[in-house]
Structure formats: C-alpha cells, structure tokens
Amino acid sequence: MNSYVLSFQEVDKTKVSIVSGKGANLGELSRITGIIVPEDFCVTTEAYKKIIESNQEFYRLP
C-alpha cells in the first residue's frame, strides 16, 4: 500500500513498532490456515505521528 497504510499481508510480528501489537498479531493470524481474518489494513505509527504533528488542536488538549 504505502508507508501510512499496510495490509495484513504486509505485516507480521517483526513490524510491531510500525503497526502496534494488535496489527502485527492480526497479520500473523491472517497467515494461519483455518483462521478467518477479514481483509483489512493497519494505519502505521508514522501516519499517526504525521496527523498529530500537523493538527494544532492536539496541542491544546489538557
């Protein structure tokens, strides 16, 4: 996809710092035969940082 959004097929436990533990585990589960994981995607921590840095409203939160 891109550096901000990754499909479950692109993530595994080695990418936990990029997509969090939940995202990485869903990526791992999607590879196990017999376990059904809906087709989906993960928003990366890089995307989150970019949104926070570009939105001044977040800096006003207590």
For residues in region 27-62 being assigned to a helix (DSSP H, G or I) and under 10 Å from the mean Cα position of the chain (by Cα), which is surrounded by the most Cβ atoms within 10 Å (Cβ to Cβ)? GLY27
Out of the residues in region 1-26 meeting the condition of being within 9 Å of the chain's Cα centre (by Cα) and in a loop (DSSP other than H, G, I, E, B), tell me which one is surrounded by the most Cβ atoms within 10 Å (Cβ to Cβ). VAL11
How many of the residues in region 8-20 are farther than 17 Å from ILE35 by Cβ and not charged (D, E, K, R)? 6
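Read-outs throughout are calculated quantities, based only on the coordinates presented, and are distinct from any laboratory measurement. What you are looking at is a predicted structure, and each value in this text was computed from that prediction instead of being measured. Positions of Cβ are generated from backbone atoms using ideal geometry, with glycine treated the same way; all protein chains shown enter the neighbour counts.
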